[in-house]
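So the structure is just underneath, and the comments pick up after that.
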Amino acid sequence: MGLPLMMERSSNNNNVELSRVAVSDTHGEDSPYFAGWKAYDENPYDESHNPSGVIQMGLAENQVSFDLLETYLEKKNPEGSMWGSKGAPGFRENALFQDYHGLKTFRQAMASFMEQIRGGKARFDPDRIVLTAGATAANELLTFILADPNDALLVPTPYYPGFDRDLRWRTGVKIVPIHCDSSNHFQITPEALESAYQTARDANIRVRGVLITNPSNPLGATVQKKVLEDLLDFCVRKNIHLVSDEIYSGSVFHASEFTSVAEIVENIDDVSVKERVHIVYSLSKDLGLPGFRVGTIYSYNDNVVRTARRMSSFTLVSSQTQHMLASMLSDEEFTEKYIRINRERLRRRYDTIVEGLKKAGIECLKGNAGLFCWMNLGFLLEKKTKDGELQLWDVILKELKLNISPGSSCHCSEVGWFRVCFANMSENTLEIALKRIHEFMDRRRRF
Amino acid sequence: MRLIVPLRGVIQGRGGLFVGSLIPCCLFYFLQLYLKRRRPPPSDPTELPRTSSRTNLFSRGNSIGRVRVSSRAVPVAKPSDSPYYIGLERVKTDPYDRIKNTDGIIQLGLAESTLCFDLLQRWMSENLMESMMQSDDGEFNISSIAMYKPFEGLLELRVAFADFMSRIMGGNVSFDPSNMVITAGGTPAIEVLAFCLADHGNAFLIPTPYYPGFDRDIKFRTGVELIPVHCRSSDNFTVTVSALEQALNQARKRGSKVSGILFSNPSNPVGNILPRETLQDILRFAQEKNIHVISDEIFAGSVYGDKEFVSMAEIAGLGEVDKSRVHIIYGLSKDLSIPGFRAGVIYSFHEDVVNAAKKLMRFSSVPVPVQRILISLLSDVRFIEEYMTAHRQRIRDKHIRFVEGLKQLGIPCAESGGGLYCWVDMSSLLTSYSEKGELDLFEKLLTVAKINATPGTACYCIEPGWFRCCFTALADEDIPVIMERIRQLRESSRS
């Protein structure tokens with residue numbers, strides 16, 4: 001972020017100037033993370049029409065449980081779920097409703113869904129739910145509210161490449177990384193936290209909060225309870241905020257292995273501790289509905305809830321969407337079944353890919369959640385540098401026609417790690433991808 | 001708002017010496033506070049940043065301080081002191097209902113139309129499920145609406161919008177779908193444009209009176225200022241180049257950098273249609289000063305008068321000036337009466353702006369199922385023709401009734417030809433011809449007559465006594481009720 005001072009801000013002669021935001025490259029779309037997507041767009045794999053095309057393993061999308069959604073939507077009265085319980089006359093409310101409080105029934109449904117995912121170990125108050133058009137918007141909104149331009153959020157590495165854009169682009173806020181490494185499975189340590197905080201202070205940057213993803217993207221692993229407690233403690237001592245992006249919380253393979261920061265806060269009465277905690281959630285991953293643009297900020301801080309609500313005018317969830325999903329999400333019989341089956345299918349996919357990689361001589365980080373695995377190809381690198389990693393990534397893209405995400409785009413401090421998504425394709429396609437990897441590894445062993 | 005209101009008084013020579021000396025002192029104090037906050041904290045060994053030390057005095061004893069939000073968040077949560085929002089809130093406490101609450105407050109403060117709901121409802125009940133769920137092979141396939149799609153909107157939607165906009169704007173202008181970005185409503189459209197065209201601290205010139213929502217839409221997060229360019233009833237509140245010139249020069253003297261001009265056409269709150277010559281003048285002025293032009297045309301389809309609506313896109317297309325400085329905002333909340341769906345448009349002739357806006361749509365995009373409904377709706381040419389004809393006719397009829405009702409009370413309205421409201425001159429009801437008088441009347445209308453109308457002050461109108469009254473959510477029977485209440489208010493204030 002930030003431009004060299006002399007950069008032209010108007011693209012043609014004589015012409016009208018654009019803002020710094022418009023010309024900055026903080027959108028990050030020139031990075032390998034996105035370059036791979038372009039390669040896929042140009043030559044997408046298709047089982048029948050293009051079997052030698054690029055297989056997209058760089059997009060964390062969940063398609064394994066679509067059938068469950070389809071069955072539900074077909075079975076229930078479609079008119080009813082469209083309009084809400086009032087039937088066609090509900091159109092009037094639908095058409096006019098643009099209240100940033102959001103539909104009460106929908107917020108209640110979201111609260112109940114979030115409780116179910118956490119096995120009832122935490123309660124959610126529908127009045128603390130603020131709706132946004134996706135978790136992307138939720139993270140940006142929270143950043144606007146918690147930090148001023150040139151302040152910083154501490155974010156553990158490796159992290160989701162989109163954060164560089166979502167947290168920094170329009171907000172002017174910086175990210176200071178909390179370095180994690182494989183020696184302890186990339187868990188956050190108190191020393192790493194202190195070190196990150198000190199780095200910011202030394203640069204005269206004011207730290208406003210810590211933002212974690214739990215379960216982690218790209219690691220595909222849950223954050224341990226002890227680590228969460230340490231994090232909250234750290235945030236209290238430094239008097240800063242704690243944001244927990246729990247967008248993959250419903251994609252933990254075994255429910256018992258996930259601890260939400262909500263559970264930690266549940267047992268705390270002290271408002272001055274609670275009110276620094278904020279949770280981000282969305283239906284894009286767990287429910288496989290990224291196209292619906294439904295995200296939420298859940299905050300224990302009244303002021304943040306009030307402020308976020310007002311700012312959500314820039315990113316409201318369509319009333320249509322709220323109506324459609326309210327009845328589905330409050331159908332506890334459906335959601336219980338969906339969550340359970342979805343977890344199971346993801347676990348089986350994960351086992352398939354990890355086993356398949358192991359047979360090819362490739363190890364992955366031990367994961368227990370999410371739509372991807374964190375694969376270690378460090379041993380294949382000619383040069384143990386970021387360039388070496390990008391070279392390997394390029395080979396995998398061009399020769400194996402697999403788009404995977406290099407660790408450097410996730411700011412990983414160790415080279416050679418790659419994120420591989422497995423839930424956005426059929427089982428057959430996954431087998432093909434594994435076969436390509438096997439063949440590649442075989443070829444390499446012969447030399 | 002509180003600073004601006006007395007400041008206007010000073011400018012108009014009504015403030016007096018007291019206010020004239022108080023304001024500079026307050027400004028100086030705020031300047032100091034602003035500068036202090038902008039200074040980076042020194043690296044000091046205590047864990048609490050120094051600026052929060054005052055608020056954390058109590059915490060020195062125990063180690064937990066109250067965590068703070070950013071300074072830009074602070075004004076957002078404050079209850080608004082604008083009559084625009086105050087009025088809207090009050091109606092919620094006691095809304096009028098023809099049957100169940102005949103003494104309630106009648107809402108004239110929200111520019112929404114329900115006049116053609118019958119047509120929309122019919123279309124929705126016949127087409128909604130099909131348009132949303134169907135995929136190419138005719139089977140219901142959730143992946144067609146569930147998966148990620150380009151945030152700037154499906155190509156088919158942009159094509160449908162381009163066609164729709166061309167139709168409703170008179171067919172003399174055509175829109176290129178590749179210059180278009182679909183947003184989750186007009187609100188994010190204007191904010192994204194502000195982010196792209198101006199830096200924090202820069203300003204847009206904006207003719208007054210203007211839509212009160214712009215204060216939030218533009219200032220909340222972008223930090224872009226709005227500099228009012230005052231228009232007068234003698235010009236029917238149409239902006240002049242000399243007023244623009246004067247405002248720009250004053251801004252420059254203050255050290256403010258003006259990035260563009262923002263205006264609405266049909267205008268909100270006045271409802272007048274800007275003549276072709278005025279649009280050309282504005283564009284030439286922008287060319288001369290090398291700034292942007294943003295034309296908010298969200299009411300373009302709600303034109304009911306005799307004047308022809310001309311889009312700035314048409315003027316830009318004439319080739320006299322560099323059109324990359326022209327940007328248009330549109331949306332379906334007003335013309336198609338579906339604000340809840342959240343569908344807006346940024347249309348720009350500047351390729352880099354379109355590219356930046358596309359990327360920014362990740363924060364405000366339209367859900368895919370809704371896009372599919374809209375594609376179907378906007379491409380149903382027969383229905384759109386039927387709808388737009390009825391929409392215009394019904395607004396016209398309602399407008400005539402409303403204005404006639406006011407006329408019989410001796411209350412005139414500004415000349416208007418578009419929008420969902422009229423701009424009413426209630427100066428004859430003012431106890432004093434001043435801002436205070438106007439705000440008193442606003443309060444009396446709200447509490448005694450139980451009518452919420454938006455006072456000109458909220459819209460930065462320089463002449464007191466004007467009120468915006470939205471009439472497109474009213475049934476014909478409501479109009480005599482409103483007129484009677486106004487009449488009674490006037491009687492009681494005379495006595």
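The values are calculated or read from the model by the stated rules, or taken from the named source; none is laboratory data. Just so it is clear, the structure is predicted and the values come from calculations on it, not from any experiment. So basically every Cβ, Gly included, is an ideal-geometry build from the backbone, and we count neighbours across all protein chains shown. All accessible areas refer to the heavy atoms of the entire protein, side chains included, with ligands and DNA or RNA removed. Shrake-Rupley method; radii C 1.70, N 1.55, O 1.52, S 1.80 Å.
Of the residues making up region A:112-157, those losing 20 Å² or more of accessible area when the isolated chain is joined by the remaining protein chains, with a 1.4 Å probe, are A:A133, A:T136, A:E140, A:F144, A:I145, A:D148, A:P149.
Per-residue Karplus couplings for region B:226-238, computed as 6.51 cos²θ - 1.76 cosθ + 1.60 with θ equal to phi - 60°, are listed in order as 10, 10, x, 10, 6, 10, 10, 5, 5, 9, 6, 6, 9 Hz, Gly and Pro entered as x. Using C-alpha pairs below 8 Å separated by at least 6 residues, the relative contact order for chain A is 23 percent. What is region B:214-296 by shape, rounded, prolate or oblate, if you read a ≥ b ≥ c off the alpha carbon gyration tensor as root eigenvalues and call it rounded for a/c under 1.5, prolate for a/b larger than b/c, and oblate otherwise? It comes out oblate by the Cα gyration axes.
Here each label is just a point 7 Å from Cα along the line to Cβ, and for B:E320 and A:D302 those points are 5.7 nm apart. About its Cα centre, the dipole of chain A is roughly 160 debye, where the only charges are +1 on Lys and Arg Cβ and -1 on Asp and Glu Cβ. The peptide list B:246-253, A:136-143, B:205-212, put in order of mean Cβ contacts within 10 Å with the highest first, becomes A:136-143, B:205-212, B:246-253. Entry comment: accessible area of region A:88-331 is 27 Å² per residue, from protein heavy atoms only and a probe of 1.4 Å.
With a ≥ b ≥ c taken as the square roots of the eigenvalues of the C-alpha gyration tensor of chain B, please select rounded if a/c is under 1.5 and otherwise prolate if a/b is larger than b/c or oblate if it is not? Don't jump to the answer; show the numbers that get you there.
Values: a/c = 1.41, a/b = 1.11, b/c = 1.27.
It is rounded, given that a/c, with a ≥ b ≥ c, falls under 1.5.
Need one number: the % of Cα-Cα pairs in region A:88-331 sitting beyond the 26 Å mark.
Working: 10451 of 29646 pairs.
The proportion of pairs with Cα distances above 26 Å equals 35 percent.
Counting only protein heavy atoms and a probe of 1.4 Å, the accessible surface of chain B is 53% carbon and sulfur. Under 1.5 on a/c is rounded, so check that first for region A:365-447, then, if it is not, pick prolate when a/b is larger than b/c and oblate when it is not; a ≥ b ≥ c are the square roots of the alpha carbon gyration tensor eigenvalues. In terms of gyration-tensor shape, oblate. With the helix formula -39500 (n - 2.57) applied to DSSP H stretches of n ≥ 4, chain A reaches a computed 222 nm mean residue ellipticity of -13000 deg cm²/dmol. Measuring nothing but how far apart in sequence close Cα pairs (under 8 Å, 6+ apart) lie, relative to its length, chain B scores a relative contact order of 19 percent. Peptides A:374-383, A:147-156 ranked from most to least packed give A:147-156, A:374-383, packing being the mean of other C-beta atoms within 10 angstrom over each peptide's residues. For region A:286-321, a reduction of at least 40 Å² in accessible area between the chain on its own and the assembled protein chains (probe 1.4 Å) is found at A:G291, A:F292, A:R293, A:T307, A:R310, A:M311, A:F314, A:L316, A:S318, A:Q320.
Between B:Q488 and B:E351, the distance separating the two model label sites (each 7 Å from Cα on the Cα→Cβ line) works out to 6.5 nm. Note on B:118-129: average number of Cβ atoms from other chains within 10 Å of each residue's Cβ is 3.
If both residues of a DSSP beta bridge must be in region A:88-331, then about 35% of such bridges are antiparallel.
Calculate the mean, over all residues of peptide B:179-190, of how many other protein chain Cβ atoms lie within 10 angstrom of the residue's Cβ.
The shielding value for this peptide is 3.
Residues of region A:229-271 that bury at least 50 Å² of accessible area when the other protein chains are present, relative to the chain alone (probe 1.4 Å, heavy atoms, ligands and nucleic acids excluded): A:N239. Accessible area of A:E70 (1.4 Å probe, protein heavy atoms only, ligands and nucleic acids ignored): about 50 Å².
Given Cβ point charges of +1 (Lys, Arg) and -1 (Asp, Glu) and nothing else, what value in debye, to the nearest 20, does the dipole of the protein assembly as shown about its Cα centre take? Walk me through the numbers on the way to the answer.
On the way: 110 positive and 114 negative charges, 542 e Å.
Approximately 2600 debye in magnitude.
Peptide A:18-29 has a mean of 6 when you count, residue by residue, the C-beta atoms of other protein chains within 10 Å of its C-beta.
I'd like the distance between the alpha-carbon centres of region B:376-432 and region B:151-224, rounded to an integer number of Å. Distance between centres, Cα-based: 24 Å. A straight Cα-to-Cα reach below 20 Å connects B:K436 with the aspartates and glutamates B:D81, B:D425, B:E463, residues fewer than 8 places away in its own chain not being considered. Of the solvent-accessible surface of region A:88-331, computed with a 1.4 Å probe and all protein chains present, 48% belongs to carbon and sulfur.
Please report the relative contact order for region A:88-331, taking Cα pairs under 8 Å with a sequence separation of at least 6, and give it as a percent rounded to a whole number.
Details: 433 pairs, mean separation 70.9, N = 244.
This gives 29 percent for region A:88-331.
Placing unit charges on the Cβ atoms only, positive for Lys and Arg and negative for Asp and Glu, gives region A:88-331 a dipole magnitude near 600 debye about its Cα centre. Taking label points 7 Å from Cα along the Cα-to-Cβ direction, B:N101 and B:R66 give a separation of 3.3 nm.
Taken one residue at a time, the phi angles of region B:367-373 give Karplus couplings (6.51, -1.76, 1.60, θ = phi - 60°) of x, 4, x, 5, 4, 5, 4 Hz. Gly and Pro are set to x.
Straight-line cross-link partners of B:K100 among the lysines, defined as a Cα under 24 Å from its Cα and at least 8 positions apart when in the same chain: A:K86, A:K104, B:K92, B:K398, B:K444, B:K450.
Assuming R0 = 35 Å, can you tell me the calculated FRET efficiency for the pair A:R348 and A:N184, based on Cβ-Cβ distance, to the nearest 0.05? Walk me through the numbers on the way to the answer.
Working: r = 28 Å, r/R0 = 0.80.
Using R0 = 35 Å, I get an efficiency of 0.80.
Take each peptide in B:322-328, B:117-123, count the other Cβ atoms within 10 Å of every residue, and average; sorted highest first, the result is B:322-328, B:117-123. When the accessible areas of B alone and A alone are added and the area of the pair subtracted, with a 1.4 Å probe, the result is around 8100 Å², both sides summed.
Per residue, the accessible area of chain B comes to 40 Å² when a 1.4 Å probe rolls over the protein heavy atoms.
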